[in-house]
Amino acid sequence: MIVKKSVNTFVATIYLGLKDIYNNFNYELIHVENVCQKYVDKVGLCVSIRPEIYIYTKGREYGCSVTLINYPRFPANESEILSKTIELAKILMEEFRQMRCTVVTSTETIMLSNEELIDLVG
């Protein structure tokens, strides 16, 4: 028997570059998987991870996107999902020494900045 369960849709995605500006190399996606695994084990969550290539003026960078959804098996409200998304984004930014990352939801786009790194790099 198939049972249908639904919730209101809410999607939040972290967009993160993986270039270490201090050592001029790219972190591998497996490193992102390991950081995310540790986080989801701690808070009880499921995320999906996809590789990305960011093309911008006079440059390019490999990175990833990490997506959280309102999953009907474990429903949550939008603020809970957004809070966990931002918490995970901050962890990823620190782990991979990123100056900025973006969180895109169904309703808004948020840029997070690591001011300490921005001040160091200039």
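Annotations for the structure displayed:
- Leading residue by the ranking (farthest from the chain's Cα centre (by Cα)) among those in the range 42-71 that are over 18 Å from Ala89 (Cβ atoms) and of a type in the set (D, E, K, R): Lys58
- Residue in the range 64-74 that is touching a Gly at 6+ places or on another chain (Cβ under 8 Å), within 20 Å of Tyr22 (Cα to Cα) and without any contact (Cβ under 8 Å) to a residue 60 or more places away in the chain present: no
- Complete set of residues in the range 97-109 that are closer than 17 Å to Val47 by Cβ and modelled with pLDDT of 95 or more: Cys101, Thr102, Val103, Val104, Thr105
- Any chance Arg50 is in contact (Cβ under 8 Å) with a residue 12 or more places away in the chain, exposed (fewer than 15 other Cβ atoms within 10 Å of the Cβ), under 14 Å from Ala12 (Cα atoms) and not hydrophobic (A, V, I, L, M, F, W, C): yes
- Yes/no for Ile21 being touching a residue at least 40 places away in the same chain (Cβ under 8 Å), surrounded by fewer than 17 Cβ atoms within 10 Å (Cβ to Cβ) and closer than 17 Å to Ser113 by Cα: yes
- Test: Val40 is closer than 18 Å to Lys84 by Cβ and touching a residue at least 60 places away in the same chain (Cβ under 8 Å): no
- For the range 2-32, a residue qualifies if it is in contact with a Pro (Cβ under 7 Å, 6 or more places away or on another chain) and either more than 24 Å from Ile86 (Cα to Cα) or part of a strand (DSSP E or B) (or both), and the qualifying residues are Lys5, Ser6.
- The range 68-101, residues that are buried (at least 16 other Cβ atoms within 10 Å of the Cβ), among the polar types (S, T, N, Q) and not in a loop (DSSP other than H, G, I, E, B): Thr85
The values are calculated or read from the model by the stated rules, or taken from the named source; none is laboratory data. Remember, it's a predicted structure, so these values are computed and weren't measured experimentally. Counting neighbours? That spans all protein chains shown, and the Cβs are built from the backbone with ideal geometry, glycine included.
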